[in-house]
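What follows is a single structure, written as structure tokens, with notes after it.
The values are calculated or read from the model by the stated rules, or taken from the named source; none is laboratory data. Computed from a predicted structure; not experimentally measured. So basically every Cβ, Gly included, is an ideal-geometry build from the backbone, and we count neighbours across all protein chains shown.
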Amino acid sequence: MKNKFNKNICCIGAGYVGGPTMCVIASNCPQLRVDVVDINDERIEAWNSNDLSKLPVFEPGLENIVRKCRGINLFFSNKIEECIAKADIIFISVNTPTKTKGIGAGFASDLKWIESSTRQIAKFAKDHTVVVEKSTLPVKTAETIKTILNSSLLNHGFNIKENNKTFSIVSNPEFLAEGTAINDLQHPDRVLIGGEDEESIELISNIYKCWIDSKKIITTNLWSSELSKLVANAFLAQRISSINSISALCEVTGADVKEVSKAVGTDSRIGNKFLNAGPGFGGSCFKKDILNLVYLCRFYGLNEVANYWENIVNINFWQQKRISKIVINNLFGTISEKRIAILGFSFKPNTNDTRESPSINISKDLLQEDAKLAFYDPRVNKNQIISEFQTNSNTFSFEVCESALEACRNSDAVIVLTEWEEFKFLDWRKIFEEMRKPAWVFDTRICLDNDALKDIGFKVWTLGSS
Ligand code: NAD
Ligand code: UGA
């Protein structure tokens, strides 16, 4: 025992996964001390903010846990070396984005943050440390982590056995979805733990058993665990691309994608989840994890398998392009100088995360056509929206508004791109009055009352129906 707690946990990476996951562990395991560390000082400062509305991640239920545990058994800091040194268990929860250059660019995961945190662990860990892969990783990454940990010991002139410094690697991928992270962590469908030695698997299982039924804990070998995470995301995204492809067919045949989705999803073998058609999946992971899977398949010479999965991403891109074209065509083929309100910028409701949000690509298409965009999102901050378009060398015309009404005022069209609950309850009559006519609503999330909008006088386009 290294202090008054049973065990010390260190989590490297205080992002969307590391932060909420460690909060839930700390909340359910008061016997454990949990230190969440990050190289990003600003992020750590935000996690330590007295004003809990300033936490860097917005998730329903998160504030309450931070209020309860922070400073008791949950700590956020940039003292990476110190926290690694005192940890019995280290979760690696750093970012693993798609490589932007070099071999595998556009497909493979960039593992440089994994490697740098592994090297820090190799250098500063003491005694026996269980290293847990929490980030989503290509299958076989544990091999790399193991090699770095062990060879780094040799680099420093140590003999592994004499020095008593040893490591075990466990894979424990995270399945939480943003916007429901706390609920997902508190009541997961399953917890997956892959490893090579029983003792480490049991150590990590015991953490989860503090609040999760042991029947929900699945143990596998390391490689099955790493691969299952990529496959789970690929299957989820596949369902979305499937229903989105059908949404286009519904629009030209008179079928209604909502009705089709219900009819298909009530077959218990298919199930009704993840069959909501929309402007394509966003978020930091689906696209990157599928592309990673594609890269792995090509690496192993499985080109047909790679092509199959790559098409899930292609359909997603096509769906976004398709929507941009539909907007332009309905506004008489030109949107130059026309004001268009974009309602919703996060990639889904109840999160402030905008990574890979369909709003970004669709907005870029419209800006390329010289439209004037007026954005409103209830949670995404202004600078975040601005930063998405400032990187482009073009001088785009757009503004970020404080309310939906302000965004819609004097606009020709409103495009709903994220299904925030509040959009259903806007004063659509007032919005209609303040728009230029004909006033269009493009409902890409099928979340508004189509008939009510038509009664007010709007021209309405709803995804997946004619
Ligand atoms: P994120 O970018 O929000 O957070 C990662 C954090 O790691 C950043 O704050 C970064 O500064 C920090 N970091 C990087 N290198 C570091 C180092 N050497 N030392 C200390 N800190 C370091 O990413 P995220 O969304 O939390 O995702 C993390 C991983 O979890 C990814 O592999 C992702 O695929 C996976 N995942 C994400 C989600 C999700 O919903 N976002 C869900 C399941 C799995
Ligand atoms: C997804 C998975 O659901 C998590 O299990 C996984 O842990 C996570 O990725 C990850 O590895 O990062 P997340 O991206 O947070 O979670 O959110 P989802 O609810 O899966 O939504 C992803 C995107 O798909 C959103 O843009 C959403 O609007 C879209 N979507 C989802 C649809 O268009 N239709 C649906 O029926 C469901």
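Take Asp38 and decide whether it is within 26 Å of Thr141 (Cα to Cα), within 20 Å of the chain's Cα centre (by Cα) and away from ligand 2 (no atom under 16 Å from the Cβ). Yes; evaluated as a whole, the condition is true for this residue. In summary, helices (runs of 4 or more DSSP H) completely within region 382-435 and bearing 3 or more residues that are surrounded by 15 or more Cβ atoms within 10 Å (Cβ to Cβ) occur at 382-390, 404-408, 428-434. The residue pairs whose first member lies in region 174-199 and is more than 17 Å from Ala237 (Cβ to Cβ), whose second member is away from ligand 2 (no atom under 13 Å from the Cβ) and assigned to a strand (DSSP E or B), and whose beta carbons are closer than 6 Å, counting only pairs six or more residues apart or on different chains, are Arg190/Ile218; Val191/Ile217; Leu192/Ile218; Ile193/Thr219; Gly194/Ser171; Gly194/Thr220; Gly195/Val170; Asp197/Ser168.
For Ser225, the stated conditions do not hold, so it cannot be described as touching a residue at least 12 places away in the same chain (Cβ under 8 Å), in a helix (DSSP H, G or I) and away from ligand 1 (no atom under 16 Å from the Cβ).
Matching residues to (1) of a type in the set (D, E, K, R); (2) out of contact with any helix residue (DSSP H, G or I) (no Cβ under 6 Å at 6 or more places or on another chain); (3) surrounded by fewer than 20 Cβ atoms within 10 Å (Cβ to Cβ):
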| residue | (1), (2), (3) |
| --- | --- |
| Glu259 | yes, yes, yes |
| Thr266 | no, yes, yes |
| Asp289 | yes, no, no |
| Leu293 | no, no, no |
| Arg298 | yes, no, yes |
| Gly301 | no, yes, yes |
| Asn329 | no, yes, yes |
| Phe347 | no, yes, no |
| Asp353 | yes, yes, no |
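Which of (1) hydroxyl-bearing (Ser, Thr, Tyr); (2) away from ligand 2 (no atom under 11 Å from the Cβ); (3) within 29 Å of Val170 (Cβ to Cβ) does Ser268 not meet, given it meets every other one? Just one mismatch for Ser268, condition (3). Residues in region 363-381 that are aliphatic (A, V, I, L, M) and not in a helix (DSSP H, G or I): Ala371, Leu373, Ala374, Val380. Of all residues in region 351-377, those that are among the basic types (Lys, Arg) have Cβ atoms under 8 Å from Cβ atoms of residues that are part of a loop (DSSP other than H, G, I, E, B), 6 or more apart or on another chain, in Arg355/Gly282; Arg355/Gly283; Arg355/Ser284; Arg355/Phe347; Lys364/Asn392; Lys372/Glu337; Lys372/Lys338. Taking the numbered list (1) of a type in the set (A, V, I, L, M, F, W, C); (2) free of Cβ contacts under 8 Å to residues at least 40 places away in the same chain; (3) more than 16 Å from ligand 1 (Cβ to nearest atom) in turn, Phe274 passes all entries but (3).
Looking at region 316-324, is at least one residue among the small types (Gly, Ala, Ser), more than 15 Å from Pro279 (Cβ to Cβ) and at pLDDT 95 or above? No, region 316-324 contains no residue that is among the small types (Gly, Ala, Ser), more than 15 Å from Pro279 (Cβ to Cβ) and at pLDDT 95 or above.
Just one of the numbered conditions (1) surrounded by 19 or more Cβ atoms within 10 Å (Cβ to Cβ); (2) within 12 Å of ligand 2 (Cβ to nearest atom) is not true of Val191: (2).
Inspect region 141-159 for any residue being crowded, with 21+ Cβ neighbours inside 10 Å, within 15 Å of ligand 1 (Cβ to nearest atom) and over 22 Å from Glu82 (Cα atoms) and give the result as yes or no. Within region 141-159, one or more residues are crowded, with 21+ Cβ neighbours inside 10 Å, within 15 Å of ligand 1 (Cβ to nearest atom) and over 22 Å from Glu82 (Cα atoms).
Hey, could you check region 214-237 for residues that are away from ligand 2 (no atom under 16 Å from the Cβ) and crowded, with 17+ Cβ neighbours inside 10 Å and say which is farthest from Ile204 (Cα to Cα)? Going through the qualifying residues, I end up with Leu222.
Residue check: Asn311 meets all listed conditions (1) more than 24 Å from Glu419 (Cβ to Cβ); (2) of a type outside the set (Lys, Arg); (3) within 16 Å of ligand 1 (Cβ to nearest atom) but one, namely (3).
Among the conditions (1) of a type in the set (A, V, I, L, M, F, W, C); (2) surrounded by fewer than 18 Cβ atoms within 10 Å (Cβ to Cβ); (3) touching a residue at least 40 places away in the same chain (Cβ under 8 Å); (4) assigned to a helix (DSSP H, G or I), Trp211 misses just one, which is (4). Counted as qualifying within region 1-107 are the strands (runs of 3 or more DSSP E) with 3 or more residues that are more than 23 Å from Ile193 (Cα to Cα) and modelled with pLDDT of 95 or more, namely 74-77.
Residues that are out of contact with any Asp or Glu (no Cβ under 8 Å at 6 or more places or on another chain) and within 16 Å of Ile90 (Cα to Cα) were ranked within region 173-196; the one that is farthest from ligand 1 (Cβ to nearest atom) is Gly195. Scan region 15-36 and tell me whether some residue there is farther than 23 Å from His187 by Cα, aliphatic (A, V, I, L, M) and within 13 Å of ligand 1 (Cβ to nearest atom). There is no residue in region 15-36 that is farther than 23 Å from His187 by Cα, aliphatic (A, V, I, L, M) and within 13 Å of ligand 1 (Cβ to nearest atom). Any residue in region 382-403 that is in contact with an Asp or Glu (Cβ under 8 Å, 6 or more places away or on another chain), at pLDDT 95 or above and more than 26 Å from Gly283 (Cβ to Cβ)? Checked against the condition, which is being in contact with an Asp or Glu (Cβ under 8 Å, 6 or more places away or on another chain), at pLDDT 95 or above and more than 26 Å from Gly283 (Cβ to Cβ), region 382-403 yields no hits at all.
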